[in-house]
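The values are calculated or read from the model by the stated rules, or taken from the named source; none is laboratory data. Owing to the predicted nature of the structure, the values given are computational and were not obtained by experimental measurement. Virtual Cβ from ideal backbone geometry, glycine too; neighbours counted across all protein chains shown. Accessible surface areas use protein heavy atoms only, side chains included; no ligands, DNA or RNA. Shrake-Rupley method; radii C 1.70, N 1.55, O 1.52, S 1.80 Å.
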Amino acid sequence: MNTKKNLYTALLGAFIGLSALDAQAEQKLAVSHLANQQNIVAVTEAGKYLLLPVQDDAPEAKVGVISGNTQVGVMANVRLARERVDYYVPFSLAGFEGKDVKIDIQGMPAEAACWKNMKLSDTFDLSNKEKHRPLYHHTPAYGWMNDPNGMFYKDGVWHLCFQHNPYGSVWGNLSWGHSTSTDLVHWKYEGDPVMPDAWGLIFSGSAVVDKDNTAGFGRDAIVAFYTSAKPTPWGDNQMQCMAYSTDGGKTFTKYENNPVLTSTERDFRDPKVFWYAPGKHWVMMLAVGQEMQIYSSANLKDWKYESSFGAKQGAHGGVWECPDLVELPVEGTKEKRWVLICNINPGGPFGGSATQYFVGTFDGKKFTNQYPTKTKWMDYGKDHYATVTFSNAPGGRCVAMGWMSNWQYAAIVPTKQYRSANTIARDLSLYRQGGDLLLRCAPSKEIEAARQAKNSLKKFDVKDAYSIENLLDGNEGAYEIELEIKNNGAEKIVFTLQNAKGESVLMYYDVATRQFVMDRSDSGETSFSRDFPAMTVAPAPDVNDVKLRLFVDRSSIEAFGDGGKFVMTNLVFPSEPYNSMKFESVRGSFTVKEMNVYKLK
């Protein structure tokens, strides 16, 4: 019986293989296997894309285009399928449509599964295939994403670039992906306008609107700055390069005299550029090891070192990255202060990556921290990193977005078609508390326009426990909960999101310690990383008159307390949406004065 079964399996496999080869013949693909795992795919009358089958945990192969005996562009590193196909990625054949071209593929054995599964196509299916993909957070259409880059506003449109791997859902082939939005909630993928070149991969950076044509690329040109990272046998070299756009950010031309700034430092990256009006010059902030370096320029091309910041300041558990420097109003006054945003990895308060900030003064050349004895965190969750702000935001607003993940497990979270999302947009300001200046991160007003339906619960008291079974149904796992609670002497104000599978996220206010706590240890799928199950804690300025907004979007929870005086961002991966909520009181009681649930999409 086993012999017949094995024979049947072999015949079936042969049939499938022949069918795949027949399909390839119709699509005009011919594969030649050479020695040392080198392969040539000859394409006759190419389509727009060669669809490459990917296996996420496979070793990388190198894929490049050969035309007229010349390599075209930079070879991509792709985890081509060896035993199974997890998903497909499009390898662009732009410029060769209808022509003959050869694809050089190195590092793949002849028996790999990819050869029978790659195919030509004029389209690529971008429809969602992931149950965990958020509905109202920005995600890449496909592939890997990390830091937000090149963020700017112009002519009614928000532009968000991001670190993107268009050839797989793990880190690599770093380019700038580009998405646009008119409301900071719904985003459209616009392609990858800045791709790797001879100087290396395209790391993080920023973009400005050059209103006065200081660089000579044209009035209102978009000028982008990014780190080129070139691996060499002696280590990575990182240098600052520039590109410009004269069509509003749709396409970018790289500056012919790149790089514009170099260093002997190994970690020398993430340029954040802004205009300093009092000095009538541009400022560039750079992350260099465990400090920030400040440069100035009159024309965006020639840069002068001015100062450094970082020694004996804040947390130093890891390398400093993705700087930003913004001037913010102090609420209730006419004062303003400068805030230096500093992302750190590792060294976050709950392990892995996180975002700290410093409040002080800036004279165009040097930043001075006014509160050097205290480390301040922008977000108290595990999944908030690489936070930077949009340039040229309207109405003097300062709008920030972060990468919603953590380097401890970003590459192994349980998604395949895409990996990672951005936080919702947050408006920044400063407020005083006990002689200190602290950062408020409030949900941007645009999120309220995404509300589609509202369910409300009347005022109720909680002495022991109170359960809500159906208020969260029908929201597809994407909703906002607005809570207003009056404490009547309870030691803990507890509420839990849960589903029928027994998966839950526990949250509570601890009155004695004046803290807000979130525990995702039983939230759903957590086994992919020992660092994922976690309890995170934030200082809560008011534990008696609680105002809290919870943004739940399939695979994430963002908690904003007291209008953004504290924020906590955590990923979750439940097997089905949380559709019920349980309130509990520990030693005492509390009153839920108002509870509104909004469907968001």
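From the list Ala42, Ala81, Ala58, which residue is touching a strand residue (DSSP E or B) at 6+ places or on another chain (Cβ under 8 Å), more than 29 Å from Pro140 (Cβ to Cβ), of a type in the set (Gly, Ala, Ser) and open to solvent by less than 50 Å² (accessible area, probe 1.4 Å)?
Values: Ala81 fails: more than 29 Å from Pro140 (Cβ to Cβ); Ala58 fails: more than 29 Å from Pro140 (Cβ to Cβ).
When all the criteria are applied, what remains is Ala42.
Show the residue pairs that are 6+ apart or on different chains and have beta-carbon atoms under 6 Å apart, the first residue being within the range 512-536 and within 17 Å of Val494 (Cα to Cα), the second being open to solvent by 70 Å² or more (accessible area, probe 1.4 Å) and at pLDDT 95 or above.
These pairs meet every condition: Asp519/Met535.
Considering only residues that are of a type outside the set (S, T, N, Q), closer than 19 Å to Lys154 by Cα and open to solvent by 20 Å² or more (accessible area, probe 1.4 Å), which ones fall in the range 232-247?
Tyr244, Asp247
Between a residue in the range 469-489 that is open to solvent by 10 Å² or more (accessible area, probe 1.4 Å) and any residue that is part of a strand (DSSP E or B) and acidic (Asp, Glu), which pairs come within a Cβ distance under 6 Å, given they are 6 or more apart or on different chains?
Glu484/Glu594
Surrounded by 21 or more Cβ atoms within 10 Å (Cβ to Cβ) and of a type outside the set (A, V, I, L, M): is that true of Arg530 in this structure? If you could, list the steps in order and put the result at the bottom.
Working: surrounded by 21 or more Cβ atoms within 10 Å (Cβ to Cβ): no; of a type outside the set (A, V, I, L, M): yes.
So Arg530 does not fit the description; no.
Free of Cβ contacts under 8 Å to residues at least 12 places away in the same chain, surrounded by fewer than 19 Cβ atoms within 10 Å (Cβ to Cβ) and on the phi > 0 side of the Ramachandran plot: which single residue out of Gly73, Gly68, Gly107, Gly98 fits that description? Before you say what the answer is, go through the steps one by one.
On the way: Gly73 fails: free of Cβ contacts under 8 Å to residues at least 12 places away in the same chain; Gly107 fails: free of Cβ contacts under 8 Å to residues at least 12 places away in the same chain; Gly98 fails: free of Cβ contacts under 8 Å to residues at least 12 places away in the same chain.
Just one listed residue meets the conditions, Gly68.
So the check is Cβ under 9 Å with 6+ separation or different chains; which pairs have a first residue in the range 284-303 that's among the charged types (D, E, K, R) and a second one that's in a strand (DSSP E or B) and surrounded by fewer than 20 Cβ atoms within 10 Å (Cβ to Cβ)?
As it stands, the answer is Glu291/Ser308, since those pairs meet every condition given.
Need the failing condition index for Ala386 against (1) of a type outside the set (Val, Ile, Thr); (2) open to solvent by 10 Å² or more (accessible area, probe 1.4 Å); (3) in contact (Cβ under 8 Å) with a residue 40 or more places away in the chain; (4) on the phi > 0 side of the Ramachandran plot, just the number.
(2)
Which of the following residues is more than 23 Å from the chain's Cα centre (by Cα) and either of a type in the set (Asp, Glu) or buried (at least 20 other Cβ atoms within 10 Å of the Cβ) (or both): Gly310, Gly352? Even if it seems obvious, please write down each step before you answer.
Working: Gly352 fails: more than 23 Å from the chain's Cα centre (by Cα).
Sole residue among the options that is more than 23 Å from the chain's Cα centre (by Cα) and either of a type in the set (Asp, Glu) or buried (at least 20 other Cβ atoms within 10 Å of the Cβ) (or both): Gly310.
Going by the structure shown, is Lys272 touching a residue at least 60 places away in the same chain (Cβ under 8 Å), under 22 Å from Lys154 (Cβ atoms) and not small (Gly, Ala, Ser)?
Working: touching a residue at least 60 places away in the same chain (Cβ under 8 Å): yes; under 22 Å from Lys154 (Cβ atoms): yes; not small (Gly, Ala, Ser): yes.
Criteria met by Lys272.
Hey, which of the strands (runs of 3 or more DSSP E) in the range 549-601, taking only ones fully inside, have at least 2 residues that are out of contact with any Gly (no Cβ under 9 Å at 6 or more places or on another chain)? If you could, list the steps in order and put the result at the bottom.
Numbers: elements: 556-561, 566-571, 580-586, 590-600.
Result: 556-561, 580-586, 590-600.
So which residues in the range 392-412 are outside any helix (DSSP H, G or I) and open to solvent by less than 40 Å² (accessible area, probe 1.4 Å)?
Applying the first criterion (outside any helix (DSSP H, G or I)) to the range 392-412 yields 392-393, 397-409.
Those that are outside any helix (DSSP H, G or I) and open to solvent by less than 40 Å² (accessible area, probe 1.4 Å): Ala393, Cys398, Val399, Ala400, Met401, Gly402, Trp403, Met404, Ser405, Asn406, Tyr409.
Can you pull out every residue in the range 449-467 that is touching a Phe, Trp or Tyr at 6+ places or on another chain (Cβ under 8 Å) and either among the aliphatic types (A, V, I, L, M) or outside any strand (DSSP E or B) (or both)?
Ala450, Ala453, Val462, Ala465
Tell me the residue from Val339, Val359 that is part of a strand (DSSP E or B), within 21 Å of Ile424 (Cβ to Cβ) and either touching a His at 6+ places or on another chain (Cβ under 7 Å) or β-branched (Val, Ile, Thr) (or both), please. I'd like the intermediate steps shown before the answer.
Details: Val359 fails: within 21 Å of Ile424 (Cβ to Cβ).
From the options Val339, Val359, the qualifying one is Val339.
For the list (1) in contact with a Phe, Trp or Tyr (Cβ under 9 Å, 6 or more places away or on another chain); (2) buried (at least 16 other Cβ atoms within 10 Å of the Cβ); (3) farther than 28 Å from Thr415 by Cα, I need the number of the one condition that Gly564 fails.
(1)
Of all the strands (runs of 3 or more DSSP E) wholly in the range 112-207, which have at least 2 residues that are touching a residue at least 24 places away in the same chain (Cβ under 8 Å), closer than 22 Å to Met401 by Cβ and of a type in the set (Phe, Trp, Tyr)? Don't jump to the end; show me each part of the working.
On the way: elements: 119-121, 143-154, 157-165, 175-181.
It comes to 143-154, 157-165.
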